[in-house]
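S.K.: Can you read through this structure? Questions will come right after.
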Amino acid sequence: MLKSCKYCGRIHDSKYDCGMKPKRKKEGNEKDKFRWSRKWREKRNQIVQRDNYLCLVCKHRGKYNYNDLEVHHITSLEEDFNRRLDEDNLITLCSECHELAESGAISKDYLYKLLYNAYGYEY
């Protein structure tokens, strides 16, 4: 059966390997393994539910945004891998706010204050 290849753009047999398909790493680093784990998926779902399926930054600004939600590690995995599942280190953000937080445009102190005001977590 001939199909259009999403990797090279040509049409060839569906079983033909054009060589353009990216190879998946069989072994990831510790962070990758964590992100693929069931513990992370469960914790991520728990955090989004805790935050009422809303971006907390947008909510603080008076806008209720429940689209493209992601869970952000305030203290990154690189900084302290041991805090990867700590509820006081995880916050629900929309993809736009998540990018701003990752770049440092939204400070860690601001995010910790949001969690403190919402749930009383110490920072």
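The values are calculated or read from the model by the stated rules, or taken from the named source; none is laboratory data. What you are looking at is a predicted structure, and each value in this text was computed from that prediction instead of being measured. Backbone-built Cβ (ideal geometry, glycine too); neighbour counts: all protein chains shown. The area values use the complete protein model at the heavy-atom level, side chains included, leaving out ligands, DNA and RNA. Shrake-Rupley method; radii C 1.70, N 1.55, O 1.52, S 1.80 Å.
S.K.: If you add up the charges near residue 78, with Lys and Arg at +1 and Asp and Glu at -1, over every other residue whose beta carbon is less than 12 angstrom from its beta carbon, what do you get? Intermediate values should be presented prior to the final figure.
M.R.: Details: positive: 31, 83, 84; negative: 30, 79, 80, 102.
Once all neighbours under 12 Å are counted, the net charge is -1.
S.K.: Using the heavy atoms of the protein chains and a 1.4 angstrom probe, tell me the accessible area per residue for the chain in square angstrom. Could you put the intermediate results ahead of the total?
M.R.: Numbers: 8910 Å² over 123 residues.
Heavy-atom accessible area per residue stands at 72 Å².
S.K.: Below 15 angstrom from the Cβ of residue 64, what's the summed charge of the other residues (Lys, Arg +1; Asp, Glu -1)? Show your work: numbers first, answer last.
M.R.: Details: positive: 59, 61, 63; negative: 51, 68, 96.
Computed value for this residue: 0.
S.K.: For region 43-121, rounded, prolate or oblate, judged on the Cα gyration tensor with a ≥ b ≥ c (square roots of eigenvalues), a/c < 1.5 rounded, else prolate if a/b > b/c?
M.R.: On the way: a/c = 1.41, a/b = 1.25, b/c = 1.12.
Judged from the Cα gyration tensor, region 43-121 comes out rounded (a/c under 1.5).
S.K.: Could you order peptides 52-59, 71-78 by the average number of other Cβ atoms within 10 Å of their residues, highest first? Let's see the in-between values first.
M.R.: Numbers: 52-59: 18.4, 71-78: 16.9.
Output ranking for 52-59, 71-78: 52-59, 71-78.
S.K.: Considering only protein heavy atoms and a probe of 1.4 Å, how much of the accessible area of the chain is carbon and sulfur, as a whole percent? Let's see the in-between values first.
M.R.: Numbers: 4090 of 8910 Å².
Looking at the chain in its full context, I get 46 percent from C and S.
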